[in-house]
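Here the structure comes first, spelled out in structure tokens, and everything after it is commentary.
Read-outs: derived from the displayed coordinates by stated rules, not from any lab. Computed from a prediction, not measured in an experiment: that's the story for all the values here. Neighbour counts are summed over all protein chains in view; Cβ atoms, including those assigned to glycine, are modelled from backbone coordinates with ideal geometry.
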Amino acid sequence: MAKTTLPEATLFTVGFTRRSAEDFFSTLADAGVKRVVDIRLHNVSQLAGFAKRDDLVYFLKTICGIEYLHRPDLAPSAELLDSYRKKKIAWPEFEASFGKLMRERGIERQVDRATLDRGCLLCSEHDPAHCHRRLVAEYLQHHLGNIRICHL
């Protein structure tokens, strides 16, 4: 029996800090993003500016015609995030602990591949190198196969 090769899916990631609303929404539209998958645990913070949940849903739809999904199951636990932010653990420990959490949750079984294709994982961090959105994207790429990751 021949092995079926899945078509390549493009998965974007983006952070909104250090970006103007114009740059943020133009970047998403220009890349051809179809849906933003918000993987923040808390998405209604007053510090989020244009990226607060209700505002973001409106702006994405009105400005870009982009769908919005909130997936807190793809976020680190509050305890893990707090430990990292308060410097109780360093990045390598955060990365290992979050990897274990993703495996325990079985996130590769929870996310539809079609949702990922032309989807964009959203978090606040400017740099994907030290952000859980990169870890989620790489985990899904490894487990689902044939996913191209593009950090915006």
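What the table below lists for this structure:
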| read-out | value |
| --- | --- |
| Percentage of interatomic Cα-Cα distances in the chain larger than 27 Å | 21 percent |
| Close Lys-Lys pairs in region 13-151, where close means Cα under 30 Å and separation is 8 or more or interchain | 11 |
| Efficiency of FRET from Cβ geometry, L144 and K86, R₀ 25 Å, rounded to 0.05 | 0.15 |
| Cut-off under 5 Å, modelled amide H: who pairs with A9 long-range | I147, R148 |
| Unit charges on C-beta of K, R, D, E only; dipole of the chain, Debye | 200 debye |
